[in-house]
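First comes the structure, then the notes that go with it.
The values are calculated or read from the model by the stated rules, or taken from the named source; none is laboratory data. Keep in mind that what you see is a predicted model, and the values were worked out from it rather than measured. Neighbour counts run over all protein chains shown; Cβ positions are idealised from the backbone, glycine included. These area figures cover heavy atoms from the full protein model, side chains too; ligands, DNA and RNA do not enter into them. Shrake-Rupley method; radii C 1.70, N 1.55, O 1.52, S 1.80 Å.
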Amino acid sequence: MELLLPLFLNGVVNGAHYALLAMGFGMIFATTGVVHFAYGPVYAVAAYLTWWSVTVLSLPFLVAMGVGIVGCAVVGMASYVLLYRWFLRNDSPPFIILVVSLGLLMLITNLIGVAFGTNAKTVNDVTYGFYFIGSAVVTGVQLWQVLALVVVGLGLAAFMKWTAYGSYIRAMQDNMLMAKIVGINTERVSLVVFGIGSGISGIAASLILVKEGALPHMGFLAVFYAFLAAVVGGLGSLPGAVAGGLILGLVESLGVWRVSSDWQTTIAFGVLFIVLIWRPTGLWKGY
Amino acid sequence: MINNAILKVLDVSVDHGNRRVVDSISFDVLRNKILLVLGHNGAGKTTLVRSIFGLHPIAAGEVQYNDKPITNRSTEENVKNGFSFVPQGHGVFRSLTVEENLMLGTTHVSEQKKIRERLETVRELFPILSERRAQKAGTMSGGQQQMLAIGIALMQGPDLLVLDEPTIGLAPRLVNQVVESVVKIKETLGLSVVIVEQNIQASLPVADGVVILKTGRKVYDGAPAPLADHNKLMEYF
Ligand SMILES: Nc1ncnc2c1ncn2[C@@H]1O[C@H](COP(=O)(O)OP(=O)(O)OP(=O)(O)O)[C@@H](O)[C@H]1O
Ligand SMILES: [Mg+2]
């Protein structure tokens, strides 16, 4: 029984990480229609830029994190402008765009490996505390991960509800054709969405760097979880991404209580299947 | 001589893939008049008006708006310049409220005073939209959604309004209501209007001019009166 609390807390923390990833990924998909698998390596770019800023430039961690987030947003926007936009303009079938996205995933992953080497990068100078919750220990990084979800989630919700761009994004998610008809510059909004979505993943990436370090292929599993959590919650829904991420994190973590941890990924898929059989469009719909 | 046409369509052709769907069509839309565009299913009416508005590329020919070329201009530029479009089907944002829908019509309007005035005009024209302002558009009836779609376009403050089959799928009573509201809009706001229609009965009486398409070609361009004769009309279908 005393295992349960740490497992639960661990599930919430991992879930917060998945939820952040799902938010950015789902926002990009729901607004632009692009299943952006290269979201994974773009996220990795943020981790590497943060690492580089800390260890090579000796920048304070928060500044380095900013570099990572901005760099990641720029790479995300570049992938839209240089690649996806062309296919979207030519009305390419979604399948083609999916293949393009997988190609970009391989490309960026390899480029990271070439630029930084394939060994793990860690930051050791970033210090953080340990806290007791009941009998369980949580680290400062874990708290930041949860805090990041809360801040980004609330911030994004406010942005979507109260700003002009937020309403354009909701309009595009609802009806792309009508968005064009009312004169929304859908390409400019798509660019902004790629920037925001990627930037959000950059926050998650910088924290994971501190917690686990960075590897060139770290994006594979990240985009996989982003996709899973977003689909479980309902693609493009903000509360859905939060719920999907937390459910995934909790089920995975609590599952280990009874079965071997080898089953973690299988459990994640189990959740996906069960939710989708029950609710084919995910738990939530729309913002 | 003052040019009385707000929109000039000159030998416009449009393709879907390799197929020419609109073939070298020309017509004028006169100021403060209603032009009716008729044609059988698949004649190319939607393709034509969508291309003029910038939603689909024009392969050949030219479009002039207020005597300036606007061929293949973006929808954003058209809306900014007073050219609005109401698409076929329910041209609304279903998951957003009525109010949010209307406000999306003001994407390029910054003056609060104009926004308030237009909101007032739209609510006077369609009182149901002010009763249902907090309701999700997707939960309204087809007729109400059509009124909202027209309302969104009016929020843009257009000089030229193009409507693609605004009465499709509506009950007969609503068909007349929508057609009447379009006439009222034209008269009170001084708009120029293009209506694409299949419902000839309801729309012919309010038209000032008629263009008929048949498999992508123009087969009639003239006054509505001769078409009141059913046999004459059927020649063009
Ligand atoms: N996206 C598309 N891709 C390929 N062909 C298309 C597309 N849209 C329309 N077409 C074809 O173009 C032709 C004209 O279609 P369009 O929708 O313009 O006709 P319409 O006159 O508006 O018909 P309706 O009265 O049914 O709305 C049709 O033969 C149709 O099959
Ligand atoms: Mg049509």
query = What order do you get for A:25-36, B:50-61 when each peptide is scored by the mean count of other beta carbon atoms within 10 Å, highest first?
reply = A:25-36, B:50-61
key: Separation of the residue B:94 and residue A:86 label points, Cα + 7 Å toward Cβ, nm   = 3.5
query = According to a simple spin-label model (label point 7 Å from Cα along Cα-to-Cβ), what is the distance in nm between residue A:273 and residue A:257?
reply = 2.3
key: Separation between Cα centres of segment B:113-163 and segment B:34-73, rounded to whole Å   = 24
query = Hey, quick one: spin label on residue A:165, modelled 7 Å out along Cα-Cβ, who in segment A:195-228 has an amide N within reach, i.e. under 15 Å?
reply = A:195-201
note = To the nearest 0.05, the calculated FRET efficiency linking residue B:124 and residue B:24 through their beta-carbon distance, R0 being 41 Å, is 0.45
message = Going by average Cβ density within 10 Å per residue, which order do the peptides B:221-232, B:33-44 take, highest to lowest?
response = B:33-44, B:221-232
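For an R0 of 56 angstrom, estimate the FRET efficiency from the Cβ-Cβ distance between residue A:281 and residue A:135 and round to the nearest 0.05.
0.90
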message = Percent of Cα-Cα pairs more than 19 Å apart in segment B:32-150, please.
response = 57
query = For the pair residue B:134 and residue A:120, how long in nm is the line joining their label points, each one 7 Å along Cα→Cβ?
reply = 5.4
query = What ratio of Cα Rg to 2.2 N^0.38 Å holds for chain A?
reply = 0.98
request  = For segment B:117-237, state the average projected area of the convex hull of the C-alpha atoms over all orientations, rounded to one decimal in nm².
outcome  = 8.3
query = So what's the back-of-envelope 222 nm ellipticity for chain A, counting only DSSP H runs of four-plus at -39500 (n - 2.57) apiece and dividing by all residues, rounded to 500?
reply = -25000 deg cm²/dmol
task = Specify the inter-centroid distance of segment A:229-262 and segment B:176-237, based on alpha-carbon positions, in whole Å.
result = 57
query = Which value in Å does the Kirkwood hydrodynamic radius of segment B:94-147 take, with 1/r averaged over all unlike C-alpha pairs and then inverted?
reply = 11.4
message = Can you compute the equivalent ellipsoid semi-axes for segment A:149-221, i.e. the square root of 5 times each eigenvalue of the Cα gyration tensor, sorted largest first and rounded to whole Å?
response = 30, 15, 8
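Please report the buried accessible area for the interface of A with B, total over both chains, probe 1.4 Å, in Å² to the nearest 100.
Summing both chains' loss of accessible area gives about 1500 Å².
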task = Quick one: angle between helix A:164-174 and the longest Cα principal axis of chain A, in degrees between 0 and 90, rounded to 10, please.
result = 80
task = Find the relative contact order for chain A and round it to a whole percent, using C-alpha pairs within less than 8 Å whose residues are 6+ positions apart.
result = 38
query = On a 0 to 90 degree scale, rounded to 10, what angle separates helix A:218-233 from the longest Cα axis of chain A?
reply = 70
request  = Kindly express, to the nearest 10 degrees and within the range 0 to 90, the angle between helix A:238-258's C-alpha long axis and the longest C-alpha principal axis of chain A.
outcome  = 30
note = For the protein assembly as shown, Rg(Cα) over 2.2 N^0.38 Å is 1.16
message = Filter B:80/B:184; B:8/B:136; B:33/B:136; B:184/B:232; B:80/B:218; B:45/B:136 down to the pairs with a C-alpha to C-alpha distance above 26 Å, please.
response = B:8/B:136; B:33/B:136; B:184/B:232; B:80/B:218; B:45/B:136
task = Enumerate the helices in chain B for which the Kyte-Doolittle hydropathy averages -0.5 or more and the C-alpha atoms extend at least 15 Å along the helix's axis, using complete DSSP H runs.
result = B:142-155, B:172-189
note = Whole-Å distance linking the alpha carbon centroid of segment A:208-222 with that of segment A:58-130 is 12
task = Rank B:143, B:17, B:216 by mean-square fluctuation in a GNM of chain B with C-alpha springs under 10 angstrom and give only the top-ranked residue.
result = B:17
task = Just need the Rg to Rh number for segment A:1-92, please, alpha carbons only, Kirkwood Rh.
result = 1.12
key: Span per principal axis, largest first, for the Cα atoms of segment A:110-203 (Å)   = 55, 42, 17
